[in-house]
Amino acid sequence: AGAARGAPADAVAERDLLGYRPWALSGLARSRALCGEEAAAVAALEEARRTQGTGRHFDFSHHMAEVQIHRAGGRSAAAAEAARAGAAWARAAGMPVEEAQAVHTEVCLAPSPHGAARLAELTGHTDSDLVAALAAHAGALVSGDADAALEASARLAGMGACRLAADAAAD
């Protein structure tokens, strides 16, 4: 816990033989944003981007950190745009589970039939229970079906996605 309070570089100061430091820093940025520490989250994300020389499959984490930073600052439209960018990146990378997470995030910020339809489509690209539950939740949000949102919440809770389950239940 003490290391997480220091400078972002201090939080992951070990030797980074495999190049995971930027990914770890973007995770730190997400965590700090969720704790309401927007300035520290921005610093961690900037450090992640600065230290990552080439694109990698964990670039998705940078997009989701940006979403959380905008949410922490009360900038819902910017958060939705960051989620769209993350979804586009994941789609181009051929990562349907990550695309589903980003599309679901966007639907939660700005419910749209298009987003719910894309999530339903993504259930056909993977056998992921998470994607199916996210699609069910998005469908419930768009249709205003409280019972379906609670069912999606129970599915998410059953797989250990507690934060998503709590958000779905609140919807």
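The values are calculated or read from the model by the stated rules, or taken from the named source; none is laboratory data. Please read all numbers here as calculations on a predicted model, not as lab measurements. Methodologically, a virtual Cβ is constructed for each residue, glycine included, from the backbone with ideal geometry; neighbour enumeration extends over all protein chains shown. These area figures cover heavy atoms from the full protein model, side chains too; ligands, DNA and RNA do not enter into them. Shrake-Rupley method; radii C 1.70, N 1.55, O 1.52, S 1.80 Å.
Taking only protein heavy atoms and a 1.4 Å probe, what accessible area per residue, in Å², does the chain have with all protein chains in place? Walk me through the numbers before you get to the answer.
Values: 8680 Å² over 171 residues.
Dividing the accessible area of the chain by its residue count gives 51 Å².
Taking square-rooted eigenvalues a ≥ b ≥ c of the alpha carbon gyration tensor, is the stretch 124-171 rounded, prolate or oblate, where a/c under 1.5 means rounded and, failing that, a/b exceeding b/c means prolate? Numbers along the way, then the final one.
Details: a/c = 2.34, a/b = 1.19, b/c = 1.96.
Since a/c reaches 1.5 but b/c is at least a/b, the shape of the stretch 124-171 is classed as oblate.
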Would you be so kind as to identify which of ALA39, HIS125, GLY73 lies farthest towards the positive end of the dipole of the chain, taking Lys and Arg as +1 and Asp and Glu as -1 on Cβ and the Cα centre as origin?
ALA39
Let me check something: with ligands and nucleic acids excluded, how do MET95, MET64 order by accessible area (1.4 Å probe), largest to smallest?
MET95, MET64
Using the C-alpha gyration tensor of the stretch 31-168, what are the square roots of 5 times its eigenvalues, in whole angstrom, with the largest one first?
25, 17, 13
Sorted largest first, the Cα spans of the stretch 18-92 on the principal axes come out in Å as 34, 26, 15
What whole-number distance in Å separates the alpha-carbon centres of the stretch 74-103 and the stretch 17-73?
14
Of every hundred units of 1.4 Å-probe accessible area on the stretch 123-171, the number belonging to carbon and sulfur atoms, as a percent, is 52
